[in-house]
Number of protein chains: 2
Amino acid sequence: MQSSGWIEGLGLVAGSLTTVSYLPQAMKVWRSRSTHDISLLMFSLMALGTFLWLTYGILLGSPALIFANGTSLTLVTWIGWFKLRYG
Amino acid sequence: MQSSGWIEGLGLVAGSLTTVSYLPQAMKVWRSRSTHDISLLMFSLMALGTFLWLTYGILLGSPALIFANGTSLTLVTWIGWFKLRYG
């Protein structure tokens, strides 16, 4: 991938935000053990999609895509696991 | 961005999945009007991050990033609006 440094920087900020966004949700389900309003289908599709984004990022050699989707996949799986466990 | 057709195809499948994933969550809050277990901070950070991903995709000329993040931004904002309205 050919892109100037500041564009890749913008991608890393974007990736940091969308990745970090799962943290408050993960902490909320951890604390409350309540997942009634969360859609299991959302987090299942998100886990599969994030895995494919990660593959796409590796094939393109995009640091932003790899960083963001690797971490997101972990957090999304964590939230999905709580949903499975607590319903 | 230089990438072969099938890699861009993989990105479009990934983008379709992560984008479509917000739909069941949007429909769930629409039907139930219940958003107690949803983190407002998650959807606020996700909206900002998705906006920056969209900008990154435009600058790189990536159809997958533009398609995925344009639609996701709309759905994430919708879910966040329900959270603000129903608490």
Query raised in the report: Which numbered condition trips up residue A:87, out of (1) in contact with a Ser or Thr (Cβ under 7 Å, 6 or more places away or on another chain); (2) surrounded by 15 or more Cβ atoms within 10 Å (Cβ to Cβ)?
Result: (2)
Query raised in the report: Which of (1) closer than 28 Å to residue A:83 by Cα; (2) touching a residue at least 12 places away in the same chain (Cβ under 8 Å) is the odd one out, the single condition residue B:24 does not satisfy?
Result: (2)
Report task. Determine, yes or no, whether residue A:23 is under 26 Å from residue B:30 (Cβ atoms), modelled with pLDDT of 90 or more, within 15 Å of the chain's Cα centre (by Cα) and aliphatic (A, V, I, L, M). Result -> yes
Report task. Give the number of residues within the range B:28-40 that are assigned to a helix (DSSP H, G or I) and farther than 17 Å from residue A:43 by Cα. Result -> 3
Report summary line: Scanning the range B:10-29 residue by residue, those open to solvent by 10 Å² or more (accessible area, probe 1.4 Å), in contact with a helix residue (DSSP H, G or I) (Cβ under 9 Å, 6 or more places away or on another chain) and more than 7 Å from every other protein chain (Cβ to nearest Cβ) turn out to be B:12, B:16, B:23
Report summary line: Counting only residues in the range B:30-53 that are open to solvent by less than 30 Å² (accessible area, probe 1.4 Å) and over 16 Å from the mean Cα position of the chain (by Cα), the one nearest to the other protein chains (Cβ to nearest Cβ) is identified as B:37
Requested in this report: Just give me the residues in the range B:54-79 being more than 7 Å from chain A (Cβ to nearest Cβ), open to solvent by 10 Å² or more (accessible area, probe 1.4 Å), part of a helix (DSSP H, G or I) and not hydroxyl-bearing (Ser, Thr, Tyr), in sequence order.
Outcome: B:54, B:58, B:63, B:66, B:67, B:69, B:70, B:73, B:75, B:78
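Residues are listed down the side, and each one gets a yes or a no for (1) modelled with pLDDT of 95 or more; (2) in contact with a Leu (Cβ under 8 Å, 6 or more places away or on another chain); (3) of a type in the set (Gly, Ala, Ser):
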position: A:32; (1), (2), (3): yes, no, yes
position: A:37; (1), (2), (3): yes, no, no
position: A:51; (1), (2), (3): yes, yes, no
position: A:64; (1), (2), (3): no, yes, yes
position: A:76; (1), (2), (3): yes, no, no
position: A:79; (1), (2), (3): yes, no, no
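The values are calculated or read from the model by the stated rules, or taken from the named source; none is laboratory data. What you are looking at is a predicted structure, and each value in this text was computed from that prediction instead of being measured. Positions of Cβ are backbone-derived with ideal geometry, glycine not excepted, and every protein chain shown enters the neighbour counts. Accessible surface is based on the protein model in full, side chains and every heavy atom, while ligands, DNA and RNA are left aside. Shrake-Rupley method; radii C 1.70, N 1.55, O 1.52, S 1.80 Å.
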